[in-house]
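What follows is one structure encoded as structure tokens, with my remarks underneath.
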Amino acid sequence: QVQLVESGGGLVQPGGSLRLSCAASGSIFRINLMGWYRQAPGKQRELVAFITYISSTNYADSVKGRFTISRDNARNTVSLQMNSLKPEDTAVYYCKAVIASRAGTSPADYWGQGTQVTVSS
């Protein structure tokens, strides 16, 4: 009923940039929080950044000053601009959205399928 589809991952050299995008579709009344998480091999999934409906943002300390999250409420999309990438940013990046499918219903968490980001020379 609700789908999140990510795009934009890939291989980039250290110091390079990538832009991830995530589009939500389906039965959507309102999207509250939207965010990006990542999971590196052998590690737990961690929060990278999130953005509220009114575009308040929060970032993990490890990405502050390098990553920028933004959203388009009209298009139900969220993006993550990643600059000055480091090898330790290598991970599968997941989009998450907290979505109310209909008016008066409690919002639920939805996840994308993940997109690989590899930072290597």
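The values are calculated or read from the model by the stated rules, or taken from the named source; none is laboratory data. As the structure is a computational prediction, the values presented were derived from the model and not from experiment. We place every Cβ from the backbone using ideal geometry, glycine too, and count neighbours over all the protein chains shown. For accessibility, only protein heavy atoms count, side chains too; no ligands or nucleic acids. Shrake-Rupley method; radii C 1.70, N 1.55, O 1.52, S 1.80 Å.
Pairing residues of the stretch 93-111 that are within 11 Å of Gln3 (Cα to Cα) with residues that are among the charged types (D, E, K, R) and part of a strand (DSSP E or B), at Cβ distances under 6 Å and at least 6 apart in sequence or on separate chains, gives Cys95/Glu6; Trp111/Lys96.
Restricting to the stretch 20-36, name every residue that is surrounded by 14 or more Cβ atoms within 10 Å (Cβ to Cβ) and within 14 Å of the chain's Cα centre (by Cα).
Leu20, Ser21, Cys22, Ala23, Ala24, Ile31, Leu33, Met34, Gly35, Trp36 - these are the residues of the stretch 20-36 that are surrounded by 14 or more Cβ atoms within 10 Å (Cβ to Cβ) and within 14 Å of the chain's Cα centre (by Cα).
If you check Val92 against the conditions, is it crowded, with 18+ Cβ neighbours inside 10 Å, within 24 Å of Ser121 (Cα to Cα) and either within 11 Å of the chain's Cα centre (by Cα) or among the β-branched types (Val, Ile, Thr) (or both)? Write out each step before concluding.
Values: crowded, with 18+ Cβ neighbours inside 10 Å: yes; within 24 Å of Ser121 (Cα to Cα): yes; either within 11 Å of the chain's Cα centre (by Cα) or among the β-branched types (Val, Ile, Thr) (or both): yes.
So Val92 passes the test.
Considering the conditions (1) under 25 Å from Thr118 (Cβ atoms); (2) free of Cβ contacts under 8 Å to residues at least 40 places away in the same chain, Ser56 is excluded by exactly one of them, (1).
Summed over the stretch 95-107, residues that are buried (at least 16 other Cβ atoms within 10 Å of the Cβ) and polar (S, T, N, Q) total 1.
Name every residue in the stretch 37-79 that is within 19 Å of Ser25 (Cβ to Cβ), in a loop (DSSP other than H, G, I, E, B) and open to solvent by less than 50 Å² (accessible area, probe 1.4 Å), in order of residue number.
Asn76
For the stretch 62-79, a residue qualifies if it is over 14 Å from Met34 (Cβ atoms) and among the basic types (Lys, Arg), and the qualifying residues are Lys64, Arg66.
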